[in-house]
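A short worksheet on the structure shown next.
The values are calculated or read from the model by the stated rules, or taken from the named source; none is laboratory data. For clarity, every value in this text was computed on a predicted model and none was experimentally measured. Note that we place each Cβ from the backbone using ideal geometry, even for glycine, and neighbour counts take in every protein chain shown.
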Amino acid sequence: MIGDIVGKIGRRAVFELLGQLKEELEVEATIANAENAAGGFGLTPKIARQLFSYGLDVLTTGNHVWSKKEIFEIIEDERILRPLNYPGGVPGHGSTFLQVGENLLGVINACGRVFIRELDCPFVCAKKEAEQMQEKTPLIVVDMHGEATSEKVALGWYLDGLVSAVVGTHTHIQTADEKILPQGTAYISDIGMTGPTDSVIGLKKEIAIKRFLTQLPERLDVATGPGQLEGVLLDLDPENGRAKSITRIHRS
């Protein structure tokens, strides 16, 4: 799974690095968080098609899912997920199944509530969805899009043994706490960012610094320059859904 793709530089990093990574690591399925892929905020049909053509299988999102109005044109595509803990009746899907060889992989997209927005409880929603998906496959990966590390850690423990992995997105800074929990669920607080290396979480550093110094509003533009690709490689047991390993990835 690839961490938040930010803007043109992030898309270029996927184009240049993903194929080589998939061959080198013998990757069978690739998920990426793409809620920042269009100019740093949101996703459009054109960019979604572009990312799928680069070899991505499922695109997850988060709190910026509605930032581009064009998203409504493609939100019913089962390969594109919005957080499942939006209220009932909201367009789109919060989970999906992906055929991987002879196996079925379930993917769940949840959004945290701490410091982000008021949604339905991600704990209750994710557990209910995972229990239903277990009827079809033990292989389930959860993208927990959240601001608070504590909320992500808690969800990892809450779903330990029920899903194969709980991986965090949203903060764009790769954490070094990858582990396999006692009941076999792989966990990491944040898988990182795929985007401009010389930036503040993908945005122009000069603007970010000015905002901190002055506390005045400034337009947030995506940085330029060299790019990076970050994420994790998950090795999952198709027999029982347990994670065999979780390995951080950073390429530039």
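All but one of (1) surrounded by fewer than 22 Cβ atoms within 10 Å (Cβ to Cβ); (2) under 17 Å from Ile140 (Cβ atoms); (3) not aromatic (Phe, Trp, Tyr) hold for Thr60, so report the exception by its number.
(1)
Give Ile140, Ile74 a once-over and let me know the one that is under 25 Å from Gly7 (Cβ atoms), surrounded by 13 or more Cβ atoms within 10 Å (Cβ to Cβ), aliphatic (A, V, I, L, M) and touching a strand residue (DSSP E or B) at 6+ places or on another chain (Cβ under 7 Å).
None of the other options fit; the residue is Ile74.
Which members of the range 35-69 meet the condition of being out of contact with any Ser or Thr (no Cβ under 7 Å at 6 or more places or on another chain), within 24 Å of Ala148 (Cβ to Cβ) and small (Gly, Ala, Ser)?
Selection gives Ala37, Gly40, Ser67.
Within the range 166-222, take every residue that is hydroxyl-bearing (Ser, Thr, Tyr) and under 30 Å from Glu239 (Cα atoms) and give me the one that is surrounded by the most Cβ atoms within 10 Å (Cβ to Cβ).
Thr169
Check Ile9, Ile71, Ile75 and return the single one that is among the aliphatic types (A, V, I, L, M), in contact (Cβ under 8 Å) with a residue 40 or more places away in the chain, out of contact with any helix residue (DSSP H, G or I) (no Cβ under 7 Å at 6 or more places or on another chain) and within 25 Å of Thr171 (Cβ to Cβ).
Selected residue: Ile9, the only one of Ile9, Ile71, Ile75 that is among the aliphatic types (A, V, I, L, M), in contact (Cβ under 8 Å) with a residue 40 or more places away in the chain, out of contact with any helix residue (DSSP H, G or I) (no Cβ under 7 Å at 6 or more places or on another chain) and within 25 Å of Thr171 (Cβ to Cβ).
So which residues in the range 115-146 are part of a loop (DSSP other than H, G, I, E, B) and either modelled with pLDDT of 95 or more or under 15 Å from Gly94 (Cα atoms) (or both), if there are any at all?
Leu119, Asp120, Cys121, Gln134, Glu135, Lys136, Thr137, Pro138, Leu139, Gly146
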